[in-house]
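Before any comments, here is the structure.
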Amino acid sequence: MGHMGKFESALREISHGDHLWEEHLKYILSGNERGAEIVDKMVTHFTGPLADKRVLDIGCGYGGVCIAAAQQGATVRGIEVGESELKYFALNLEDNNALDTVEITYGDADDIDFMESLGKFDLVVCDNVLEHVPDSHRLIYNIAQAMNEQARCYVTVPNYQSLGQVLMECHNREFGLSLLNRFDAQKLYEARGHYGTYSVGDYFDYNQYIAMFAINGLAAVNIVPVFMEGSHMGEVMDLLAQIKAKRAAMPVEIEIEALTAQHLDHYIDRVERRLAELQRAPTDWRRVEFFRDFMSQRLDFVASHRAY
Ligand SMILES: C[S@@+](CC[C@H](N)C(=O)[O-])C[C@H]1O[C@@H](n2cnc3c(N)ncnc32)[C@H](O)[C@@H]1O
C-alpha cells in the first residue's frame, strides 16, 4: 500500500462506520485518479494543451480535477458548497503541492450572479454535480455562460435509466430509487430506513440533456463508449431478470413502494419494447442507442458553442 497522505488520514479519522460512508470514502479517494482521467481525455481529444488556459471545476469536491489541470499548467478555479469538501480539500492540494496553483472557494453553481462574476474559461468541468442541484437547466445555462467562444465543457451525470442504476442507484444503493422524482425519492429513502435529506434532485435522459445544452447554444456529444458486441446481450437479460425478481418481491402494501413498483413496471415495459424493436430490426444505431440508454452507467457529455 502506498504512503497515506494527510488528506486520506484525515478522512479515515472521520469514518462514520456505516457501509454507505465506506463506499463514499472509496469514491472520494478515487477523486484524483478520476480527475486526471478527465483532464487527460479533454487535453488529448478536445482542448489541446492547457498551459496558460483557464479551467473551472463546478462542484469540485476535494479537488481532483483542479490538481490534474494545474499540473498541466492551467490557471484553475474550483467552486464548492459542501461542508466536508470545503473543510478538507486543502489537505489534498497540500499532499499534491497544488496549494499555490489552485484556487478553491465556496461558490453556489446555482447562483447566476456569482457564476457570472467568475468570468470566462477555456474548459469547464462539471463532474457528477448536475443531479445534485435544484435546477439542472439553470446549471447548464451557467456552464454555457462561463465558456469563452472556443471553450469546451465536460459534464458527466449518472444514467438513471441504466439497468445497473435501476437495480442499485449509485448514491444510496437502493433499488428503483433512480426512477422517482426528487420528492418521491425522498419518501422512498425514508421508508427504507435512511435519515436526513436524500441529496439527489432530478435525473434526465440523454435526449433531455442534449436539448438543455442546445437551448443554451451548446452542441453536445456523448463520449461514453457504447458496446456493440452481441455478448453483452447476455448481461442485459441477466440484469433485467434481477430487476423483475426484485420488483415481484416488493412490499407493495407500503404506499411509496407501490408507487415505485408502478414506475418499475413502466420501465420494464419500455426496456422490453426497445429490446423487441432491436431484435426485430437489429441495426447498428438501434444497438448503440439501446446500450447507451440502458447499459451505460453514466452519460459523459462534451460540448462547445454551436457554430451558426
Ligand atoms: C457527487 S459530488 C462530485 C464531486 C466531484 N466533482 C467529483 O466528481 O469527485 C457532487 C458535488 O457537488 C457539490 N455541489 C452540489 N450542489 C452544488 C452547488 N449548487 N454549487 C456548487 N457545488 C455543489 C457537492 O457539494 C459535491 O461536492
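Rule-based calculations on the coordinates, nothing more; no lab input. Small disclaimer: the values here were computed from a predicted structure and weren't measured. Cβ coordinates were reconstructed from backbone atoms using ideal geometry, including for glycine residues, and neighbour counts include every protein chain displayed.
Once you have a ≥ b ≥ c as the square roots of the Cα gyration tensor eigenvalues for the range 124-276, tell me rounded if a/c is under 1.5, and otherwise prolate or oblate according to whether a/b is larger than b/c. Here the range 124-276 falls in the oblate category. Placing a label point 7 Å from the Cα of residue 190 along the Cα-to-Cβ direction, the residues of the range 245-261 whose backbone N falls under 20 Å from that point are 251-261. Tell me the label-point distance for the pair residue 148, residue 111, using the 7 Å Cα-to-Cβ offset, in nm and rounded to one decimal. In this crude spin-label approximation the distance works out to 2.5 nm.
Restriction of the GluC sites (Glu not before Pro) in the range 179-281 to DSSP coil positions whose beta-carbon has at most 15 other beta-carbons within 10 angstrom yields 229, 253.
Taking 204, 89, 183 in turn, the Gaussian network model of the chain (Cα-Cα springs below 10 Å) assigns the largest fluctuation to 183. Calculated FRET efficiency, residue 257 to residue 237, Cβ-Cβ distance, R0 = 22 Å: about 0.30 to the nearest 0.05.
Using 0.36 nm per residue and subtracting the Cα-Cα separation, the extra length available between residue 266 and residue 137 on full extension is 43.9 nm. In the chain, a dipole from Cβ-located charges (positive for Lys and Arg, negative for Asp and Glu) runs towards its positive end, and of 61, 200, 153 it is 153 whose Cα lies farthest in that direction.
Amide H contacts of residue 159 (H built 1.01 Å from N, in plane; Pro and chain starts excluded): 298, 299 sit under 5 Å, all sequence-distant by 5 or more or on other chains. Helix-only arithmetic for the chain: the sum of -39500 (n - 2.57) across DSSP H runs with n ≥ 4, divided by the residue total, places the mean residue ellipticity at 222 nm at -14500 deg cm²/dmol.
Working from Cα positions, state the angle (0 to 90°, nearest 10) between the long axis of helix 284-294 and the longest principal axis of the chain. Its long axis makes an angle of about 80 degrees. The Stokes-Einstein estimate for the range 1-74, based on a Kirkwood radius over Cα pairs and taken at 25 °C with 0.890 mPa s viscosity, is a diffusion coefficient of 180 µm²/s. Among residues other than residue 88 with Cβ under 14 Å from its Cβ, the summed charge is -4 (Lys and Arg +1, Asp and Glu -1). Extending 7 Å from the Cα toward the beta-carbon at both residue 248 and residue 45 defines two label points whose distance is 4.0 nm. Taking other C-beta atoms within 10 Å as the exposure proxy, 44, 156 rank 44, 156 from fewest upward. Projecting the alpha carbon convex hull of the range 67-109 along each direction and taking the average yields 2.9 nm².
Taking the Cα of residue 9, stepping 7 Å toward and past its beta carbon, and measuring to each backbone N in the range 53-94: which are under 17 Å? Of the residues in the range 53-94, 88-94 have backbone N under 17 Å from the label point off residue 9. Within the shell of other residues whose beta carbon sits under 13 angstrom from the beta carbon of residue 219, the net charge comes to +2, with Lys and Arg scored +1 and Asp and Glu -1.
Dividing the Cα radius of gyration of the chain by 2.2 N^0.38 Å, with N the residue count, gives 1.05. Summary value for the range 1-90: 26 percent relative contact order, contacts being C-alpha pairs under 8 angstrom separated by 6+ residues. Of all lysines in the structure, those lying under 30 Å Cα to Cα from residue 41, and not within fewer than 8 positions of it along the same chain, are 6, 26, 53, 87, 120. With a cut-off of 10 Å between beta carbons, the residues surrounding residue 55 carry a summed charge of +1, where Lys and Arg count +1 and Asp and Glu -1.
Full extension of the chain between residue 99 and residue 219 gives 39.7 nm of extra length, using 0.36 nm per residue less the Cα-Cα distance.
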